[in-house]
Amino acid sequence: MIKPLADRVVVEPSAAEQVTASGIYIPDTAKEKPQRGKVVAVGTGTKEVTMEVKVGDVVLYGKYAGTEVAIDGVDYIIMRQSDILGII
């Protein structure tokens, strides 16, 4: 498992929507990047930044936030806590 340093957070993105609310199926080429995910690891913070998110929180983040990595076939995003827009 990844152990993030300082004020970084590891997020597992939620799956992209397969069907719209009206029942229309979305092809893979038209799917948008998910902007929501579950926190799986949290760094210790810094003197200036105290960590407000915790493991298990579902968060919203910016479309282009963080760095995408794949570990053991699972996609994760490593981002700073400041890239997180809110906790759901």
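The values are calculated or read from the model by the stated rules, or taken from the named source; none is laboratory data. Worth saying up front: this structure is predicted, and the values here are computed from it rather than measured. Here Cβ is always computed from backbone atoms with ideal geometry, including for glycine, and neighbour counts include all displayed protein chains.
Yes/no per residue for (1) more than 17 Å from I87 (Cα to Cα); (2) within 11 Å of the chain's Cα centre (by Cα); (3) exposed (fewer than 10 other Cβ atoms within 10 Å of the Cβ):
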residue: A6; (1), (2), (3): yes, no, no
residue: V19; (1), (2), (3): yes, no, yes
residue: Y25; (1), (2), (3): yes, no, yes
residue: K31; (1), (2), (3): yes, no, no
residue: G45; (1), (2), (3): yes, no, no
residue: V53; (1), (2), (3): no, no, no
residue: E68; (1), (2), (3): yes, yes, no
(request) Please enumerate the residues belonging to the range 55-66 that are surrounded by 15 or more Cβ atoms within 10 Å (Cβ to Cβ) and in contact (Cβ under 8 Å) with a residue 24 or more places away in the chain. (result) D57, V59, Y61, G66
(message) Restricting to the range 6-58, count the residues that are aliphatic (A, V, I, L, M), more than 25 Å from D72 (Cα to Cα) and part of a strand (DSSP E or B).
(response) 1
(request) Filter the range 8-17 down to the residues that are of a type in the set (D, E, K, R) and within 18 Å of V69 (Cβ to Cβ), then identify the one that is surrounded by the fewest Cβ atoms within 10 Å (Cβ to Cβ). (result) E12
(request) Give the range 40-68 a look and list any residue that's over 11 Å from R8 (Cα atoms), among the hydrophobic types (A, V, I, L, M, F, W, C) and modelled with pLDDT of 95 or more, or say none. (result) V40, V55, V58, V59, L60
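Of all residues in the range 70-88, how many are closer than 13 Å to A41 by Cβ and surrounded by fewer than 18 Cβ atoms within 10 Å (Cβ to Cβ)?
Going through the range 70-88 one residue at a time, the tally reaches 2.
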